[in-house]
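Remarks on the structure that follows.
A short reminder: the numbers here are calculations on the coordinates, not readings from a lab. The model shown is predicted, which means the values in this text are computed figures rather than measured ones. Neighbour counts are summed over all protein chains in view; Cβ atoms, including those assigned to glycine, are modelled from backbone coordinates with ideal geometry.
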Amino acid sequence: MMHIGCIGLGHMGSGMAANILHAGHVVTVYNRTAAKTERLAAQGATVARTIGEACRGEAVLTMLANDEAVQEVAYGQGGLIACLGRGALHIASSTISPALSRKLAADHQAAGQRFVAAPVFGRPDMAAAGKLFVVAAGPDDALAMAAPILDAIGQRTFTVAAAPEAANLVKLSGNFLIASVIESLGEAMALVGKTGVDRNAYLDILTSTLFGAPVYKTYGTLLAEGKFSPAGFAAPLGHKDIRLTLAAAEELRVPMPVASLLHDRFLALLANGGEDLDWAAIGRLSAVDAGEATHPGREDRKPVASRSNDT
């Protein structure tokens with residue numbers, strides 16, 4: 001049993017914290033919006049009034065939206081680096097830049113603390129079920145300390161390197177590939193949809209023959225049914241991840257022309273009111289370009305006349 005702080009209780013973090021609690025650990029939760037702590041408090045978690053109060057145990061897990069949110073929690077008076085004890089562990093499960101992960105590792109080490117980057121693959125339903133896939137990187141002693149916590153949130157942990165930023169790069173590359181699948185599925189559905197082929201029937205053909213992987217079934221269903229709200233993973237987060245991917249690619253001098261296309265797709269979605277939609281909505285833009293669908297960010301407007309089954 002460990003005493004663990006969980007900071008960030010959004011769609012993913014709340015499920016992760018609940019599974020750590022259910023695994024028998026003593027959990028203290030902190031969230032900027034205090035109302036999000038209530039469900040976990042009812043299950044036995046202690047609610048922290050400050051970040052520092054969540055840092056009194058052996059470890060803290062953070063699950064936050066972006067680099068800026070992680071920096072706000074980690075640095076400054078009352079932040080993680082100031083409040084964690086010597087030898088304590090920070091597990092960062094947020095999808096952040098490799099550059100920030102590298103900085104966090106160095107600053108935690110300088111403070112006598114441990115750091116592991118452990119971003120995850122999976123949507124909120126998998127987080128709630130404790131079935132995430134975890135990509136972890138860090139020094140051996142820190143990884144050993146993190147193992148019981150990672151076992152509580154995921155079905156498998158992949159250890160990739162001693163340098164924490166490697167895990168963040170793997171995570172970004174995976175999200176780039178998911179977005180690429182969404183875009184290519186959207187283009188293919190726009191093509192066949194213009195002849196009147198039912199999108200669900202088309203998806204059944206694809207997933208029963210060529211593409212049986214869960215990513216095709218999950219996002220193909222969202223595209224076929226046009227279900228982009230409520231968002232399991234919001235479009236601004238997808239845009240952020242592709243932006244971070246391109247920044248890492250520039251630093252490493254790796255051309256990624258498809259990532260550049262995806263960046264523009266996310267910008268187009270956000271520019272047309274798609275901030276609250278699931279990132280899968282970029283896959284509908286090909287049907288919009290083909291004159292077969294209303295822009296997903298403008299569903300309150302009169303639909304474009306269509307021969308397909310878009311609405």
Which net charge results for the neighbourhood of residue 108, defined as the other residues with beta-carbon distances under 12 angstrom from its beta-carbon, given Lys and Arg at +1 and Asp and Glu at -1?
+3
Roughly how tilted is helix 98-110, in degrees to the nearest 10 and between 0 and 90, from the longest Cα axis of the chain?
10 degrees
Given Cβ charges of +1 for Lys and Arg and -1 for Asp and Glu, the option among 136, 42, 162 whose Cα lies farthest towards the positive end of the dipole of the stretch 3-162 is 42
Could you work out how far helix 13-22 tilts from the main Cα principal axis of the chain, as a 0 to 90 degree angle to the nearest 10?
50 degrees
Tell me the label only: which of (i) -0.30, -1.03, -1.23; (ii) -0.33, -1.23, -1.47; (iii) -0.36, -1.06, -1.25 is log10 I(q)/I(0) by the Debye sum over Cα atoms at q = 0.07, 0.14, 0.16 Å⁻¹ as calculated from this structure?
(i)
By residue number, which cysteines of the chain lack any other Cys whose Cβ falls under 4.7 Å from their Cβ?
6
About its Cα centre, how strong a charge dipole does the chain have in debye, to the nearest 20, once Lys and Arg get +1 and Asp and Glu get -1 at the Cβ?
260 debye
Within the chain, how many lysine pairs that are 8 or more places apart, or on different chains, have C-alpha atoms less than 21 Å apart?
10
Loop sites in the stretch 184-265: trypsin sites (Lys or Arg not before Pro), DSSP, at most 16 other Cβ within 10 Å:
194, 227, 253
If you place +1 on the Cβ of every Lys and Arg and -1 on the Cβ of every Asp and Glu, how big does the dipole about the Cα centre of the stretch 168-298 come out, in debye to the nearest 20?
120 debye
What relative contact order, as a whole-number percentage, does the chain give when Cα pairs under 8 Å and 6 or more residues apart are counted?
13 percent
Among 89, 189, 239, which residue has its Cα furthest toward the positive end of the charge dipole of the chain, with +1 on Lys/Arg Cβ and -1 on Asp/Glu Cβ?
89
Length-normalised contact order for the stretch 168-298 - Cα pairs under 8 Å, 6+ apart - percent:
35 percent
Using the charge dipole of the chain (Lys, Arg: +1 at Cβ; Asp, Glu: -1 at Cβ; taken about the Cα centre), state which of 209, 146, 222 has its Cα farthest towards the positive end.
146
If you build a Gaussian network model of the chain, linking Cα atoms that sit under 10 Å apart, which residue out of 67, 264, 151 swings the most?
264
Take the stretch 56-178, drop everything but the C-alpha atoms, weight them equally and run the Debye formula without solvent; then report log10 I(q)/I(0) at 0.09, 0.22 Å⁻¹ to two decimals.
-0.21, -1.33
Helix 199-209: inclination vs the chain longest Cα principal axis, degrees, rounded to 10, gives 70 degrees
Could you state the number of Å between the C-alpha centres of the stretch 144-200 and the stretch 21-83?
26 Å
